[in-house]
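**Student:** The structure's right below; bear with me while I get my questions together.
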Amino acid sequence: LGYTDQQLKELCARALKDGWTRFKVKVGADLPDDIRRCKLIREMIGPDNLMMLDANQRWDVQQAIDWVSKLAEFKPLWIEEPTSPDDILGHATISKALAPLGIGIATGEQCHNRVMFKQFLQARALHYLQIDSCRLGSVNENLSVLLMAKKFQIPVCPHAGGVGLCELVQHLILFDYISVSASLENRMCEYVDHLHEHFRYPVTIKKAAYMPPQDAGYSTEMKEESVRQHQFPDGDVWQKLIPSQNV
């Protein structure tokens with residue numbers, strides 16, 4: 001959202017050059033603009049690469065069905081968070097309506113425990129399960145969700161991109177592949193090249209793939225200087241923002 005056509009073309013061209021084959025598009029604010037951007041991105045990435053849509057909970061149930069149906073021509077793999085993340089039965093309704101169009105439902109980044117995921121799975125309300133290492137309280141809670149996903153034969157595609165999320169979820173997706181699902185089919189782990197410089201053991205990406213961490217631990221330790229600069233309200237970053245009223 002907010003990029004010019006030229007910026008979108010440049011970003012797609014750069015990503016393709018680096019080996020990326022799966023692209024996510026934010027949608028939901030303006031339908032004609034969504035159609036324009038999806039058309040442009042599909043033309044850039046070609047018919048063989050994957051496109052996913054993310055609405056960030058913008059719609060009610062029927063609106064989600066109607067809106068995504070109008071984007072079906074661009075062959076999206078999924079629509080992510082089409083409605084309230086707490087509306088399990090609403091997701092099930094959307095899932096059933098979009099199934100004939102070949103569009104799956106992805107959600108889970110707002111799910112806070114294994115019980116919600118159990119209900120999503122039992123209701124057949126999602127096709128791609130997006131755990132969030134910070135939202136789910138503890139590694140054990142995440143592992144229980146991985147096991148349930150295996151039972152229901154639903155691929156796990158962790159949510160990442162925020163502060164340190166890529167560093168955290170890399171361990172979970174590797175564990176899923178090695179010890180639970182033993183499959184890469186329909187699986188992917190979100191990645192955004194953002195804020196990794198604040199971590200002592202940042203994630204490593206090669207040829208559009210996560211590389212197994214070489215250091216012990218959960219890759220969460222931040223650099224002391226980054227913590228000091230961003231502490232509220234005395235950190236250098238806040239001391240610059242507060243007087244300028246940019247907060």
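The values are calculated or read from the model by the stated rules, or taken from the named source; none is laboratory data. Not measured: the values here are computed from a predicted model. Note that we place each Cβ from the backbone using ideal geometry, even for glycine, and neighbour counts take in every protein chain shown. Quick note on the areas: whole protein, heavy atoms, side chains included, nothing else; ligands and nucleic acids left out. Shrake-Rupley method; radii C 1.70, N 1.55, O 1.52, S 1.80 Å.
**Student:** Go ahead and run the numbers for FRET between D48 and I178, Cβ-Cβ distance against an R0 of 25 Å, rounding to 0.05.
**Tutor:** Working: r = 28 Å, r/R0 = 1.12.
The pair D48/I178 has a calculated efficiency of 0.35.
**Student:** Pairs K17/K206; K39/K70; K39/K206: which exceed 18 Å Cα-Cα?
**Tutor:** As for pairs spanning more than 18 Å Cα to Cα, those are K39/K206.
**Student:** Using a Gaussian network model of the chain with C-alpha springs under 10 Å, which one of H230, H194, H112 is most mobile by mean-square fluctuation?
**Tutor:** Its mean-square fluctuation being the largest, the pick is H230.
**Student:** Top mean-square fluctuation among Q229, Q170, Q63, Gaussian network model of the chain, C-alpha springs under 10 Å?
**Tutor:** Sorting by GNM fluctuation, first place goes to Q229.
**Student:** Starting from 0.36 nm per residue, how many nanometres of slack lie between L16 and L147 once their C-alpha separation is accounted for?
**Tutor:** 43.8 nm
**Student:** Ignoring ligands, DNA and RNA, please state the percent of accessible area on segment 22-62 from carbon and sulfur, probe 1.4 Å. Display every interim value, and only then the final one.
**Tutor:** Values: 1030 of 2000 Å².
So the carbon and sulfur contribution to the accessible surface is 51 percent.
**Student:** Also, quick follow-up: Under a GNM of the chain (C-alpha, springs under 10 Å), which listed residue has the highest mean-square fluctuation: C166, C12, C38?
**Tutor:** C12
**Student:** In addition: Using a 1.4 angstrom probe on heavy atoms only, work out the carbon and sulfur share of the accessible area of segment 138-247 in %. List each step's numbers first, then the result.
**Tutor:** Working: 3670 of 6750 Å².
Solvent-exposed carbon and sulfur of segment 138-247 make up 54 percent of the total.
**Student:** By a straight-distance test (C-alpha under 20 Å), which aspartates and glutamates pair with K96 as possible cross-link partners, with residues fewer than eight away in the same chain excluded?
**Tutor:** Cross-link targets: D54, D60, D66, E73, E80, E81, D86, D87.
**Student:** Would you compute, from DSSP H runs of 4+ residues alone, the mean residue ellipticity of the chain at 222 nm, taking -39500 (n - 2.57) per run and dividing by the full residue count, rounded to the nearest 500? All intermediate terms of the calculation are to be shown ahead of the outcome.
**Tutor:** On the way: 9 runs with 95 residues, N = 247.
Counting only the DSSP helices, I get -11500 deg cm²/dmol.
**Student:** Once the other residues with Cβ under 13 Å from the Cβ of L184 are scored (Lys, Arg +1; Asp, Glu -1), what is the net sum? Kindly include the intermediate steps, with their values, before the conclusion.
**Tutor:** Working: positive: R22, R187; negative: D176, E185.
That works out to 0.
**Student:** Then there's this: To two decimal places, what compactness ratio does the chain give when its Cα radius of gyration is scaled by 2.2 N^0.38 Å?
**Tutor:** Values: Rg = 19.0 Å, N = 247, 2.2 N^0.38 = 17.9 Å.
Here the Cα radius of gyration is 1.06 times the empirical estimate.
**Student:** May I ask you to give the solvent-accessible area per residue for the chain, in square angstrom, as obtained with a 1.4 angstrom probe? All intermediate terms of the calculation are to be shown ahead of the outcome.
**Tutor:** Numbers: 13390 Å² over 247 residues.
Heavy-atom accessible area per residue stands at 54 Å².
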